[in-house]
């Protein structure tokens, strides 16, 4: 069987698919570690606070006025950025767990 070597971790992989699963699983673990860290908790908390602040400000907007509609668009953009951050973290963790499962199954076959 021909094996490929990854010099960074000095591990041997059966093929590129196994290497990809491993890298994705490792990235997911790194994101879990990050989101549990003080910095990760701070950024996640700030993203949630941003969403709450946007929701409160949206209640005061008049959607029937030109300036109200512009303000709503700006607030929606702020909310979307906060959602993206949370979603990217969630996706990386989810993808990592999925890749770890696939890697285990791949090695069994």
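Every number here is computed from the coordinates shown, using simple stated rules; none is lab data. Note that the structure is a prediction, hence the values are computed from the model and not measured. All Cβ positions, even for glycine, are placed from backbone atoms using ideal geometry, and neighbour counts span all protein chains on display.
Listing for the model above:
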| read-out | value |
| --- | --- |
| GNM top mover of 30, 15, 91 - the chain, alpha-carbon springs below 10 Å | 15 |
| Space enclosed by the convex hull of the alpha-carbon atoms of the chain, per residue, Å³ | 131 |
| Point-to-point label distance, residue 72-residue 95, nm (Cα→Cβ direction, 7 Å offset) | 3.4 |
| Among 42, 27, 59, residue whose mean-square fluctuation peaks in a GNM of the chain (springs only between Cα atoms under 10 Å) | 59 |
| Theoretical ellipticity at 222 nm over the chain - DSSP helices of four or more residues, -39500 (n - 2.57) apiece, nearest 500 | -28000 deg cm²/dmol |
| Potential extension, residue 105-residue 62 segment - 0.36 nm per residue separation minus Cα distance | 10.0 nm |
| 39, 14, 54 arranged by Cβ crowding within 10 Å, fewest neighbours leading | 39, 14, 54 |
